[in-house]
Amino acid sequence: MKIAVIGAGRTVNGIGPYIAKYFQKHDVPVVAVLGRSAASSARAAADLEPYGIRPAAYSSFTEMVSEVRPDAVAIASPTATHAAYIEHCLASGVHFLCDKPFAAPDTPDLTAWLVSVLRRAHTKGLTVVMNSQWPFVLPWYVKLCGEVKPDKVRTFAMRLSPGVSGPAMIPDSLPHALSLLYDTLGNGEIKGLTFKRQGEAHIIEYTYTTDQTRCAATITLVREPTQPRTLTFGFDGRIAARAIDPATYAMSLTCRGKSLAIPDPLELSVKDFIESLAGKHVPRIGVDHIARTTMLLQQVHDAAIRRTGDLWKN
Ligand SMILES: NC(=O)c1ccc[n+]([C@@H]2O[C@H](COP(=O)([O-])OP(=O)(O)OC[C@H]3O[C@@H](n4cnc5c(N)ncnc54)[C@H](OP(=O)(O)O)[C@@H]3O)[C@@H](O)[C@H]2O)c1
């Protein structure tokens with residue numbers, strides 16, 4: 001099996017280089033990278049050399065696929081480019097892993113497009129996965145903070161720290177919260193959506209209603225231009241904070257004075273995709289998860305941009 005990575009460099013917050021590193025580490029060679037220009041993709045390819053990756057560099061999807069014939073493609077370029085690359089992957093018959101959000105919430109006719117993408121992928125036998133990595137950490141969260149029962153959970157809170165500001169914070173950060181809720185509590189609806197501003201913090205509150213529970217969710221977004229960015233999440237007041245050792249990049253969760261080392265959830269997400277391609281199991285962040293969380297993201301995003309007043313003023 002071999003893979004090509006779209007957006008394998010990093011201009012703003014891209015995680016393409018890390019995605020490439022984890023494919024290579026798990027014996028899926030990165031044979032090509034695709035960027036906007038020959039020069040930028042050559043730079044991205046050169047930057048991967050320290051990981052033992054020597055991909056061919058392209059700026060045309062069609063050329064890349066016809067020359068290197070990857071089995072799968074990872075899409076890690078900016079969100080606005082996802083829909084077009086997803087279409088290219090479908091047309092070329094390659095499996096794909098697309099970074100969250102799967103598509104920009106302002107994609108024209110998003111629902112119809114999403115249904116059509118997932119249907120065409122199914123017809124062609126293609127594996128479609130979204131990289132939304134935080135659900136993979138839940139077993140460590142449970143070990144540290146205690147069990148999470150889908151019928152008993154009453155509250156969920158998450159603090160995220162996007163590098164962007166304004167309404168762009170929502171597609172950047174909210175997918176992580178939506179994925180944690182979907183993965184833990186199952187399919188749900190968002191009701192009673194409100195937006196608040198407290199100083200630098202944008203606070204989004206809603207009820208996530210499933211057939212088993214009604215969970216009051218509070219998502220706090222505070223712009224942090226530099227890394228490591230604050231990230232906390234938890235259920236029923238048991239809040240875990242992610243810490244990153246700047247020297248080793250090792251990650252841990254801390255909750256109520258206790259710490260637990262965790263693997264990089266991005267690596268777990270890449271491994272899950274590789275294993276699903278090998279037929280070992282269905283992908284954790286697969287079709288239903290993608291369809292439902294993408295629609296919920298659009299619901300929140302549309303409500304946020306309809307809000308006037310001082311919500312998005314700096
Ligand atoms: N899962 C997570 O935790 C996480 C964290 C951060 C970001 N992300 C996601 O990562 C994605 C990219 O983040 P970003 O917007 O900050 O990316 P970025 O750093 O601005 O760019 C990443 C890469 O995309 C390439 N690129 C830009 N436009 C392209 C195009 N039209 N075709 C092919 N390659 C293109 C850039 O190469 P050039 O030099 O050629 O422009 C660069 O190598 C977003 O979907 C974001 O949500 C996810």
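No value in this document is a laboratory result; all are computed from the given coordinates. For clarity, every value in this text was computed on a predicted model and none was experimentally measured. Because the Cβ atoms are built from the backbone with ideal geometry, glycine has one as well, and the counts that use them run over all protein chains shown.
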18 Å Cα-Cα threshold exceeded, pairs from LYS152/LYS258; LYS143/LYS258; LYS191/LYS313; LYS100/LYS271; LYS2/LYS100; LYS196/LYS313: LYS152/LYS258; LYS191/LYS313; LYS2/LYS100
Average Cα contact separation per residue, the range 20-165, under 8 Å, 6 or more apart, as relative contact order %: 15
Alpha carbon convex hull of the range 38-148, projected area averaged over orientations, nm²: 9.9
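What net charge is computed for the residues neighbouring ALA216, neighbours being all others with C-beta under 11 Å from the C-beta of ALA216, Lys and Arg scored +1, Asp and Glu -1? Numbers along the way, then the final one.
Values: positive: ARG154, LYS191, ARG214; negative: GLU205, ASP236.
Net charge around ALA216: +1.
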Protection proxy ranking, peptides 225-231, 17-23, 63-69, average beta carbon neighbours within 10 Å, highest first: 17-23, 63-69, 225-231
Theoretical ellipticity at 222 nm over the chain - DSSP helices of four or more residues, -39500 (n - 2.57) apiece, nearest 500: -11000 deg cm²/dmol
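Taking only C-alpha pairs under 8 Å that are 6+ residues apart, what is the relative contact order of the range 238-294 in percent?
Values: 47 pairs, mean separation 10.7, N = 57.
Computed over the range 238-294, the figure is 19 percent.
Determine one quarter of the surface area of the Cα convex hull of the range 230-314, which equals its mean projected area, and express it in nm² to one decimal.
Over all viewing directions, the range 230-314 projects a mean Cα-hull area of 9.4 nm².
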Sorted largest first, extent of the range 11-70 alpha carbons per principal axis (Å): 27, 26, 16
Peptide ranges 289-300, 155-166 listed from the most packed, as the mean C-beta count within 10 angstrom indicates: 289-300, 155-166
Binned Cα-Cα distances of the chain, short to long, each 10 Å bin given as a whole percent: 6, 27, 35, 25, 8, 0
Relative contact order (%) - criterion: Cα under 8 Å, at least six apart; region: the chain: 17
